[in-house]
Number of protein chains: 2
Amino acid sequence: MRGEFARPATLADVANRAGVSAATVSRVLNRSTLVARGTRERVEKAIHELQYVVNGHARALAAAASEVIGVVVGDMSDPFFAHIVAGVQDQTFLAGQLALVCSTGSDPMREIGQLEHLRRLRADGVILVGGSVRDAGHQRELTRLLGGFHNRGARIVLCGRPPIPDLPGACAITFDNTGGTLRLMEHLKALGHTRIGYVTGPPLRSTSTERLHGYQIAAPGHDPSLIEQGTFTRESGWAASRKLLLRNDITAIVAANDLMAAGALAAVRSAGLSVPESISVAGFDDIEFCQDTHPPLTTVRLPLREAGAMAGRIACGLDAAPPSGVIRLGADLVVRATTSRVKA
Amino acid sequence: MRGEFARPATLADVANRAGVSAATVSRVLNRSTLVARGTRERVEKAIHELQYVVNGHARALAAAASEVIGVVVGDMSDPFFAHIVAGVQDQTFLAGQLALVCSTGSDPMREIGQLEHLRRLRADGVILVGGSVRDAGHQRELTRLLGGFHNRGARIVLCGRPPIPDLPGACAITFDNTGGTLRLMEHLKALGHTRIGYVTGPPLRSTSTERLHGYQIAAPGHDPSLIEQGTFTRESGWAASRKLLLRNDITAIVAANDLMAAGALAAVRSAGLSVPESISVAGFDDIEFCQDTHPPLTTVRLPLREAGAMAGRIACGLDAAPPSGVIRLGADLVVRATTSRVKA
DNA sequence: CTGAAAGCGCTTACAG
DNA sequence: CTGAAAGCGCTTACAG
């Protein structure tokens with residue numbers, strides 16, 4: 001450990017040792033073909049001997065490219081985001097890029113700040129994960145910022161959120177939130193349910209409103225008092241379900257995601273009722289644990305990891321975005337044991 | 001959109017507009033106090049008008065500091081990692097740093113490559129999350145690489161893995177894996193269990209061996225055939241449990257994490273047995289969903305998010321590491337409904 | 001196929 | 001309190 005790391009070797013050191021110019025070393029590094037075989041080998045030997053590692057900042061500064069892909073998520077402890085990010089990382093790894101994962105702590109307004117961070121680092125690609133916020137000022141600011149990325153040649157991908165009309169450069173990967181919820185509702189209606197409570201996600205988010213929309217289209221009666229507000233956490237699903245259970249007319253509770261559905265399951269049980277005998281329950285996303293809840297949860301499956309992988313490939317430039325700029329992903333009904341025919 | 005983003009404003013642009021030198025702008029940016037009030041205000045005005053955003057790479061290159069914290073994890077889709085990362089991000093956000101999350105895709109050998117990436121970007125701090133691999137060559141390489149970070153003044157934190165003796169600069173945040181498993185085993189023994197199957201994690205990882213060690217200390221009989229190999233996934237827990245159930249003498253299955261315990265639950269049920277009447281089951285970690293399994297899972301609680309937060313604070317320089325260099329975190333037994341007294 | 005030179009956008013002593 | 005100048009470690013036309 002004799003201070004051999006005190007100053008990392010630089011490209012100039014490598015050039016010296018190999019007896020070539022810095023430009024030549026740079027060419028070897030960047031796999032330019034315009035280097036003679038023998039020269040290349042001498043340089044590679046020097047790189048190896050010096051344990052040379054290119055300085056990413058210097059490279060980014062000189063080349064105006066950073067090998068960094070920015071990923072903006074809500075909260076890593078939510079499996080929805082965790083699975084998408086896992087998919088992104090599978091691909092950034094293959095592409096030799098680095099995923100810079102920024103979290104907004106579930107406050108979408110913080111997207112702006114995180115994007116500024118990413119702009120500072122001149123990210124080559126940016127992936128915005130999860131629902132967008134319906135707020136004119138925020139949208140305008142977001143569009144402006146993303147426009148800045150786009151103008152510098154950065155690829156921008158929206159994953160799990162709708163396209164931004166003013167931003168033709170961006171690719172959007174969307175989930176069929178409305179259709180999935182609709183199919184789930186049809187399933188319940190076919191089982192005889194007519195009074196179905198709904199636990200929605202936080203207001204003004206595209207994920208929430210799209211899913212809620214599916215409910216409203218299918219909801220028998222359109223009674224707004226059947227809708228309770230949640231925040232996509234288990235805890236909030238529990239609280240919202242408690243309120244819903246205060247009324248005695250509902251036969252089913254649908255939550256806008258699985259985490260809240262888990263809370264609903266617990267709330268139903270704590271009210272002394274059983275699932276699905278007294279109340280049917282369903283979620284959305286189909287995270288792995290839905291197989292293990294009591295009873296196993298009926299839900300709607302989203303291809304989260306695949307969506308993340310697609311976003312990653314496009315952001316890294318491995319795949320091109322489709323001409324339309326939009327990739328629509330399905331949302332399949334998964335019937336398990338928390339939903340059953342309503343008793344006469 | 002008239003190409004107003006074509007070239008982002010530079011520090012020189014700001015200096016021009018404010019009628020000062022670049023050095024002065026830099027001082028304002030870095031909150032140096034040695035700037036006259038009026039000058040500062042003029043510069044801030046120019047920054048605002050130009051929508052100037054500092055170039056992180058130029059800054060990192062000039063100042064040899066990067067405002068980037070590297071986090072190396074196994075797999076983001078595993079809640080163990082997701083929760084720790086969420087805790088890290090809470091703190092990097094507060095510190096105004098950026099968390100660069102690298103995944104090894106559950107192959108710890110890939111740690112080396114990811115660390116080289118981080119070295120390239122001159123990360124100010126590095127957090128290695130999760131178990132280490134018992135492989136002499138790998139350990140040597142790791143120590144060398146981390147030594148390089150340390151010599152450049154980067155803070156290094158091991159989160160959920162044992163300290164590295166040859167690396168005095170590093171801080172280690174450890175979980176009481178052995179003690180937690182031991183307490184879980186004592187709980188089962190007190191319920192009358194004497195033949196307890198164990199589903200271990202992947203071999204040679206500290207997390208696996210520490211937890212297995214707790215089992216071995218407490219295991220009545222030390223019969224090695226009671227131990228089956230898993231990989232920390234639900235699927236592997238299912239397969240290992242199936243094997244364990246082939247023998248008819250066991251009355252309980254303990255898995256090295258909750259994901260595998262969920263698989264065990266499913267395996268027991270698919271064998272036509274019930275939990276806990278026929279077989280008791282327990283896990284490790286206490287991820288949120290343990291409350292919702294069928295029945296709710298007895299497990300050992302690890303303070304994952306808190307551990308991540310501590311790691312984040314130290315890596316960002318918000319908190320100092322303790323003099324000993326080691327922070328030991330508890331692991332509390334959480335008894336739910338998957339464990340019960342063995343029938344006479 | 002290779003090199004000399006300028007430049008990327010900052011920070012930091014050094015003067016004043 | 002402020003500025004001129006050098007330097008951080010690369011890449012990229014431009015010549016040859």
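The values are calculated or read from the model by the stated rules, or taken from the named source; none is laboratory data. As the structure is a prediction and not an experimental result, all values here were calculated from the model. Backbone-built Cβ (ideal geometry, glycine too); neighbour counts: all protein chains shown. Just the protein is used for accessible areas: all its heavy atoms, side chains included, with ligands, DNA and RNA removed. Shrake-Rupley method; radii C 1.70, N 1.55, O 1.52, S 1.80 Å.
So how tilted is helix B:304-316 from the main axis of chain B? Cα-based, degrees 0 to 90, rounded to 10.
30
Under the rule of at least 5 residues apart or a separate chain, name every residue whose amide H is placed under 5 Å from the amide H of residue A:334.
Counting only residues 5 or more places away or on other chains, the set is A:299, A:300, A:301.
Assuming R0 = 51 Å, what is the FRET efficiency of residue A:151 and residue B:319, from their Cβ-Cβ distance, to the nearest 0.05?
Computed FRET efficiency for residue A:151 and residue B:319: 0.80.
Counting only DSSP beta bridges with both residues in chain A, what percent are antiparallel, rounded to the nearest 5?
For chain A, the DSSP antiparallel bridge percentage is about 10.
How large, in percent, is the carbon and sulfur part of the accessible surface of region A:11-54 at a probe radius of 1.4 Å?
49
Hey, what's chain A come to in accessible area per residue, 1.4 Å probe, Å²?
Result: 40 Å² per residue.
Under a 5 Å amide H to amide H cut-off, with H placed in plane at 1.01 Å, what residues pair with residue B:281 once short-range neighbours are removed?
HN-HN under 5 Å from residue B:281: B:253, B:339.
For residue A:144, place a label point 7 Å out from Cα along the Cα→Cβ vector, do the same in each other copy, and report the separations in nm, one decimal, smallest first.
So the label point of residue A:144 gives 5.1 nm to the other copies.
For peptide B:121-128, what's the mean number of Cβ atoms from other chains within 10 Å of each residue's Cβ?
Counting Cβ atoms of other protein chains within 10 Å of each residue's Cβ and averaging gives 2.
What number comes out for the charge environment of residue A:44, summing +1 per Lys or Arg and -1 per Asp or Glu over other residues with Cβ under 15 Å away? Provide the component values of the computation, followed by the final result.
Numbers: positive: A:17, A:27, A:31, A:37, A:40, A:42, A:45; negative: A:13, A:41, A:49.
Around residue A:44, the surrounding residues sum to +4.
Mean separation of Cα pairs under 8 Å and 6+ residues apart, divided by the residue count of chain A: what relative contact order is that in percent? Provide the component values of the computation, followed by the final result.
On the way: 673 pairs, mean separation 58.7, N = 344.
After rounding, I find 17 percent.
May I ask for the angle, rounded to the nearest 10°, between helix B:79-95 and the longest principal axis of chain B, with both axes built from Cα atoms and the value confined to 0 to 90°?
With both axes taken from Cα atoms, the answer is about 20 degrees.
Given contacts defined as C-alpha pairs under 8 Å and at least six residues apart, what's the relative contact order of region A:1-156, whole-number percent? Working shown, then result.
Numbers: 173 pairs, mean separation 32.0, N = 156.
20 percent.
Once the Cα atoms of helix B:206-218 and of chain B are each reduced to a long axis, what angle between those two axes, in degrees from 0 to 90 to the nearest 10, is obtained?
Compared with the principal axis, the helix lies near 30 degrees.
So what's the gap between the Cα centers of region B:238-285 and region B:168-196, to the nearest angstrom?
18
How many percent of Cα pairs in region B:11-54 exceed 15 Å?
Numbers: 238 of 946 pairs.
That fraction is 25 percent.
Which whole-number percent is the relative contact order of region A:11-54 (Cα, under 8 Å, 6+ apart)? Could you put the intermediate results ahead of the total?
Numbers: 33 pairs, mean separation 19.3, N = 44.
After rounding, I find 44 percent.
So what's the net charge close to residue B:233: Lys and Arg +1, Asp and Glu -1, counting the other residues with Cβ under 11 Å from its Cβ?
-3
If you take each beta carbon of peptide B:108-119 and count the beta carbons of other chains within 10 angstrom, what is the mean?
Across the residues of B:108-119, the mean count of other-chain Cβ atoms within 10 Å is 2.
Starting from the Kirkwood Rh over alpha-carbon pairs, what translational D in µm² s⁻¹ does region A:42-138 have by Stokes-Einstein at 20 °C and 1.002 mPa s?
Value of D from the Cα-based Kirkwood radius: 141 µm²/s.
Hey, how many Å between the Cα centroid of region A:316-339 and the Cα centroid of region B:288-338?
34
Inside 10 Å of the C-beta atoms of A:50-60, what's the mean count of C-beta atoms belonging to other chains?
Shielding by partners across A:50-60 averages 6.
For region A:177-301, what does the alpha-carbon gyration tensor say about shape, rounded, prolate or oblate, given a ≥ b ≥ c as the root eigenvalues, a/c under 1.5 as rounded, and a/b over b/c as prolate?
Taking the square roots of the gyration eigenvalues as a ≥ b ≥ c, region A:177-301 is rounded.
Would you kindly state how much longer the chain becomes between residue A:341 and residue A:326 on full extension, computed as 0.36 nm times their sequence separation minus their alpha carbon distance, in nm to one decimal? Each step should come with its number before you reach the end.
On the way: separation 15, 0.36 × 15 = 5.40 nm, distance 3.80 nm.
The span from residue A:341 to residue A:326 would gain 1.6 nm if fully extended.
I need the inter-copy label distances for residue B:337: point set 7 Å along Cα to C-beta, values in nm with one decimal, smallest first.
1.2
Assuming a ≥ b ≥ c are the square roots of the Cα gyration tensor eigenvalues, decide whether the protein assembly as shown counts as rounded (a/c under 1.5), prolate (otherwise, with a/b larger than b/c) or oblate.
Working: a/c = 2.14, a/b = 1.32, b/c = 1.62.
Oblate shape, in that a/c is at least 1.5 and b/c is the bigger or equal ratio.
Between copies, how far does the label point of residue A:49 sit from its twins, in nm, shortest first, when each point is 7 Å from Cα along Cα→Cβ?
5.6
Which Cα, out of B:207, B:142, A:262, lies furthest along the positive dipole direction of the protein assembly as shown (beta carbon charges, K/R +1, D/E -1)?
Comparing the listed Cα positions along the dipole, B:142 ranks first.
List the longest stretch of chain B that has no exposed loop site; here a site is one of the GluC sites (Glu not before Pro) assigned by DSSP to anything other than H, G, I, E or B, with at most 14 other Cβ within 10 Å.
It works out to B:5-276.
I'd like the trypsin sites (Lys or Arg not before Pro) in region A:210-299 restricted to DSSP loop residues with at most 16 other Cβ atoms within 10 Å, sorted by number.
A:247
Taking θ as phi - 60°, what are the ³J(HN,Hα) couplings along region B:131-142 by the Karplus curve (6.51, -1.76, 1.60), each to the nearest whole Hz, with x for Gly and Pro?
My calculation for region B:131-142 gives x, 9, 9, 7, 8, 4, x, 4, 4, 5, 4, 4 Hz in order.
List the residues, sorted by chain then number, that are 5 or more residues from residue B:98 or on another chain and whose placed amide H is less than 5 Å from its amide H.
Residues meeting the amide H criterion: B:68, B:69.
Which residues of region A:278-313 end up with at least 20 Å² less accessible area in the presence of all protein chains than when their chain stands alone, using a 1.4 Å probe?
Buried by 20 Å² or more upon assembly, which counts only protein chains, are A:288, A:289, A:291, A:292, A:293, A:294, A:305.
Determine the sum of side-chain charges near residue B:195: Lys and Arg each +1, Asp and Glu each -1, restricted to other residues whose C-beta is under 14 angstrom from that of residue B:195.
That sum, taken over residues with Cβ under 14 Å, equals 0.
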